[in-house]
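Read the figures in this text as sums done on the coordinates, not as results from a lab. None of the values given here were measured: they were computed from a predicted structure. Note that each Cβ is placed from the backbone with ideal geometry, even for glycine, and that neighbours are counted across all protein chains shown.
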Amino acid sequence: MVTLTDTQKQSVKFLLGNISRKMGCLLALEMGMGKTLCCVKTIQKLYRHDKERFGPFLVVAPPSVLSFWKDEFQKVNFEGTVCIYHREYT
């Protein structure tokens, strides 16, 4: 079970609010503030609310943090499928 801080809860609310208004948004907090967890919790809430309407989701991230993203989905017991696609460029 993952518990969000007050700042993270506000961030999830911000993301969900913008999504419901069909607006884009940018979550730019300092390093270590839990942006990844906020995004994962937002995706989880959307997925639980309406799997057909919200999803699939695409997360674009540097290769160095891909496994971290997958771990965050596991921490929140995400019910959907998480797949990492990474290709080396030569």
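Worth a mention:
- Screening segment 1-40 for residues that are surrounded by fewer than 16 Cβ atoms within 10 Å (Cβ to Cβ) and hydroxyl-bearing (Ser, Thr, Tyr) and picking the one that is nearest to Gly55 (Cα to Cα) gives Ser20.
- Note on segment 11-63: residues that are within 17 Å of Phe73 (Cβ to Cβ), outside any helix (DSSP H, G or I) and of a type in the set (Lys, Arg) amount to 1.
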